[in-house]
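Comments concern the structure below.
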Amino acid sequence: MDTLITPAMRSHCDALITYTTDVNQHLLDTVRKIGELNLQLARDMLADMSQICQHSLARGNAAELGTALGSTLNPVNGPLRDYQRKLADTMAHACDDLARATETHMPKLSRSATAVAEDTMRRASEEASKATERQQEAVQHMQAGIHSGDGHAGEHASQHHH
């Protein structure tokens, strides 16, 4: 098996891609929900301000308009309070979703990473054994040439140095 991408490596890459896809999907869902919350807050604030302006203008009281608008923009009241609560809920759900995704995928990621490490160690050991065998064969070949007295041992040695 001389391929760079081993079955263990392919399995680990697949597990990583699946995990990353799952996490990204949860993050995109969270961003979408936050966008919807922002739009809803803007709609609610505009509706409240429009109603306050119409009501205050109908009465002709500018001081009441300022007080009413200030009350609407206060985070303790109305749309901002609802927004903060919904945003906190959305973020809590996002954290739960990410934790669940990690819990779901981590066992497979751990197994596949271990398999890659074991496969790499096995392949390295095999390559080291092959290199040792090649060295031993080369030494035996050189020794055979020296013992037979064919006079080519020096040529073999000089060829290996170049």
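Do the conditions hold for Ala47, that is, is it out of contact with any helix residue (DSSP H, G or I) (no Cβ under 6 Å at 6 or more places or on another chain) and small (Gly, Ala, Ser)? Yes.
All of (1) hydroxyl-bearing (Ser, Thr, Tyr); (2) out of contact with any helix residue (DSSP H, G or I) (no Cβ under 8 Å at 6 or more places or on another chain); (3) modelled with pLDDT of 95 or more hold for Thr90 with one exception: (2). Here Leu39 fulfils each of the conditions (1) modelled with pLDDT of 95 or more; (2) closer than 30 Å to Glu126 by Cβ apart from (2).
Under the condition of being in contact (Cβ under 8 Å) with a residue 12 or more places away in the chain, within 18 Å of Ala88 (Cβ to Cβ) and aliphatic (A, V, I, L, M), the residues counted in segment 18-42 number 4. When segment 40-55 is filtered for residues that are surrounded by fewer than 13 Cβ atoms within 10 Å (Cβ to Cβ) and among the hydrophobic types (A, V, I, L, M, F, W, C), the ones remaining, listed by number, are Ala42, Leu46, Ala47.
Candidates in segment 12-36 are the residues that are over 13 Å from the mean Cα position of the chain (by Cα) and crowded, with 17+ Cβ neighbours inside 10 Å; of these, the one that is modelled with the lowest pLDDT is His12.
When segment 14-44 is filtered for residues that are out of contact with any helix residue (DSSP H, G or I) (no Cβ under 7 Å at 6 or more places or on another chain) and of a type in the set (Val, Ile, Thr), the ones remaining, listed by number, are Ile17, Thr20, Thr21, Val31. For Met45, the conditions (1) in contact with a Pro (Cβ under 8 Å, 6 or more places away or on another chain); (2) without any contact (Cβ under 8 Å) to a residue 12 or more places away in the chain are fulfilled apart from (2). Looking only at residues of segment 122-138 that are among the basic types (Lys, Arg) and free of Cβ contacts under 8 Å to residues at least 24 places away in the same chain, we find that the one that is farthest from Met9 (Cα to Cα) is Arg134. With the structure loaded, tell me whether Leu80 is closer than 30 Å to Tyr19 by Cβ and assigned to a helix (DSSP H, G or I) or whether it fails that test. No; evaluated as a whole, the condition is false for this residue. Given the structure, is Asp44 at pLDDT 80 or above and closer than 30 Å to Tyr19 by Cα? No; evaluated as a whole, the condition is false for this residue.
Checking each residue in segment 118-140 for being surrounded by 12 or more Cβ atoms within 10 Å (Cβ to Cβ) and of a type outside the set (D, E, K, R) picks out Thr120, Ala138.
The values are calculated or read from the model by the stated rules, or taken from the named source; none is laboratory data. All values derive from a computational prediction rather than experimental measurement. Methodologically, a virtual Cβ is constructed for each residue, glycine included, from the backbone with ideal geometry; neighbour enumeration extends over all protein chains shown.
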